[in-house]
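Asks: The structure is given below, and queries will be raised subsequently.
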Protein chains: 2
Amino acid sequence: MRPTSQREGALRIGELAVRTGVSVRSLRYYEEQGLLSSTRSAGGQRHYAEHDVERVAFVQRLYAAGLSSRTIAELLPCVDSPSDENSDAAMARMAEERERLSAHIDELLRTRDALDDLMATVRAYRDAGQVAV
Amino acid sequence: MRPTSQREGALRIGELAVRTGVSVRSLRYYEEQGLLSSTRSAGGQRHYAEHDVERVAFVQRLYAAGLSSRTIAELLPCVDSPSDENSDAAMARMAEERERLSAHIDELLRTRDALDDLMATVRAYRDAGQVAV
DNA sequence: CTAAAACCTGACATCAATGTGAGAGGCAAG
DNA sequence: CTTGCCTCTCACATTGATGTCAGGTTTTAG
């Protein structure tokens, strides 16, 4: 079934939302933030291309990594045209974010270890019976 | 002897804030959320013990790992008294959060890889000269 | 004793992504 | 043309941790 009579591969916002698991509201927000672009129908409705599914997934990934819209917006031009002159600034930014991300990962690993220790302690108490302290 | 002064090792909220790098406002918030307790002076001012420095650090660590106040509040009793009967529920909660945390770490690792790929791509373009695509 | 510094409570502000709802218009099918 | 669904813009609400301010009290230093 092709619900569209549009050009090949053109997606309406609702379809893109379903395909990416991101709300329609958020897709519009991404556009407002310059993270996603669309063409418009004569009537003003947004049309997306197939590859935007991938782009939205990437944006979501960066969001999940704690990057802000602003930061993501700085990196994306680099994804679109890696040879662009903007890439110097974007590279610096990316290196910076990579560092931040690594540090965060390390912190999370330490936290997981702390949780493991805590769970081990609780298990030890429990398995030893509720006797002596 | 100063009969009216604080007990040995008692910290005022400002001191605890400095020692932990957490704002006074946040320390009060932690107390409101049941993550931190204090004794009060006759005049109503909060006093903390040395070990609260450690506790605040732990709470911060969990916050940084994305746990909510509510979740942290469920885990802490377990830290305080590991043999408590609450520990069954807390253990389940902890296991759950550990899983969530692991999944998140994996996601972040994949994101870091994606950033690395992106940076490599940009470098490749750059090092190859600005040849037309 | 006095004044400064720290603290108290309570309330409102902030940020960022997203939810939600109103009112209006686009678009395909019968 | 009409109907029903999808979409449009605008605008306000939400959440959670924290900032900030106001007006008053406590503690400490001099």
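Read the figures in this text as sums done on the coordinates, not as results from a lab. This structure is a prediction, so every number in the text was calculated from the model and none was measured. Note that each Cβ is placed from the backbone with ideal geometry, even for glycine, and that neighbours are counted across all protein chains shown.
Asks: Arranged by the count of other C-beta atoms within 10 angstrom, fewest first, what order do B:125, A:29 take? Walk me through the numbers on the way to the answer.
Replies: Working: B:125 18, A:29 14.
Exposure proxy ranking, most exposed first: A:29, B:125.
Asks: Averaged over peptide B:111-122, how many Cβ atoms belonging to another chain are found within 10 Å of each residue's Cβ? Intermediate results must be reported in sequence, preceding the final value.
Replies: Numbers: counts 12, 7, 0, 5, 11, 2, 0, 9, 8, 1, 5, 11.
Taking all residues of B:111-122 together, the mean is 6.
Asks: Evaluate peptide B:81-91: per residue, the Cβ atoms of other protein chains within 10 Å of its Cβ; return the mean as an integer.
Replies: The shielding value for this peptide is 4.
Asks: Please arrange A:22, A:59, B:56, B:79 by how many other C-beta atoms lie within 10 Å of their C-beta, fewest to most.
Replies: Details: A:22 19, A:59 26, B:56 22, B:79 16.
Placing the least packed residue first, the sequence is B:79, A:22, B:56, A:59.
Asks: Whats the longest run of chain A with zero GluC sites (Glu not before Pro) that are DSSP loop and have at most 10 other Cβ atoms within 10 Å?
Replies: Working: sites that count: A:8, A:85.
Result for the longest clean stretch: A:9-84.
Asks: Report, in order of residue number, the helices in chain A meeting two criteria: a C-alpha extent of 30 Å or more along the helix axis, and a mean Kyte-Doolittle hydropathy of at least -1.0; treat each whole DSSP H run as one helix. Don't skip to the answer; put the middle values down first.
Replies: On the way: long enough: A:87-127 (58 Å, -0.64).
Span-like helices, by this rule, are A:87-127.
Asks: In addition: Could you state, as a whole-number percent, how many of the C-alpha pairs of chain B are farther apart than 24 Å? Intermediate values should be presented prior to the final figure.
Replies: On the way: 4527 of 8778 pairs.
Above the 24 Å cut-off, chain B has 52 percent of its Cα pairs.
Asks: Now for a different question. Cut-off is 10 Å between beta-carbons; in what order do B:98, B:25 appear when sorted fewest neighbours first? Walk me through the numbers before you get to the answer.
Replies: On the way: B:98 17, B:25 10.
Fewest-to-most ranking of B:98, B:25: B:25, B:98.
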